[in-house]
Amino acid sequence: QVQLVESGGGLVQPGGSLRLSCAASGSIFSIVTMAWYQQAPGKQRELVATISSGGSTRYVDSVKGRFTISRDDAENTAYLQMHSLKPEDTAVYYCHAIVKDRISLMTLAYWGPGTQVTVSS
């Protein structure tokens, strides 16, 4: 089993910045892909950014140039640096990871419980 725990959410004014962290722990052989999703009130969960094991990144158009995803494989942690935040960025942000299990070597997907980001003046 693998656990993901997000942190770093909170209340920020428009134009401000936040840095989210996602720490993975448990039976980890390797982490294939890590990603951040957002779910705004009344909306479906949507992909924000992904980062592969090789460091390749992809972003949804609405956050390009404002958000940066990164990972620290030594710490099994992913980050989402968010700048120039807008009210429409308000959402619960979820970490998602595809992990190769250390014991079974099966590749499984996991979700964190989410962290709230509120952008408001």
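The values are calculated or read from the model by the stated rules, or taken from the named source; none is laboratory data. Keep in mind that this is a model prediction, so the values were computed, not measured. Ideal geometry is used to build each Cβ from the backbone, glycine not excepted, and the neighbour counts take in all protein chains shown. Note: accessible area is taken over every heavy atom of the protein model, side chains too, but ligands, DNA and RNA are not part of it. Shrake-Rupley method; radii C 1.70, N 1.55, O 1.52, S 1.80 Å.
Over region 1-76, Cα pairs under 8 Å with separation of 6+ residues give a relative contact order of 23 percent. Each principal axis of the Cα atoms in region 68-107 has its own extent, and those three values, largest first, are 43, 19, 10 angstrom.
Semi-axes of the equivalent ellipsoid for the chain, computed as √(5λ) from the eigenvalues of its C-alpha gyration tensor and ordered from largest down, come to 26, 14, 12 Å.
About the Cα centre, and with charges only on the beta carbon of Lys, Arg (+1) and Asp, Glu (-1), how big is the dipole of the chain? Nearest 20 debye, please.
Magnitude of the dipole: close to 140 debye.
Per atom type, region 1-42 shows carbon and sulfur on 53% of its accessible surface, probed at 1.4 Å. Remark on Gly114: its backbone amide H falls under 5 Å from those of Glu6, Cys95, a criterion applied only to residues 5 or more positions apart or on other chains, H modelled at 1.01 Å from N.
Taking every protein chain into account, the accessible area of the chain amounts to 53 square angstrom per residue (probe 1.4 Å). Applying 1/(1 + (r/R0)^6) with r as the Cβ-Cβ distance of Ser120 and Lys43 and R0 = 22 angstrom yields a FRET efficiency of 0.80.
Within straight-line reach of Lys64, meaning a Cα separation under 25 Å, sit the following lysines at least 8 residues removed in sequence or on another chain: Lys43, Lys86. Ranked by solvent-accessible area (1.4 Å probe, protein heavy atoms only, all chains present), the residues Leu18, Leu108, Leu11, Leu85 order from largest to smallest as Leu11, Leu108, Leu18, Leu85. Compute the distance in nm between two label points, each set 7 Å from the Cα along the Cα-to-Cβ direction, one at Gln3 and one at Thr107. About 2.6 nm, to one decimal. Accessible area ranking (1.4 Å probe, heavy atoms, ligands and nucleic acids excluded), largest first, for Arg19, Arg58, Arg45: Arg58, Arg19, Arg45.
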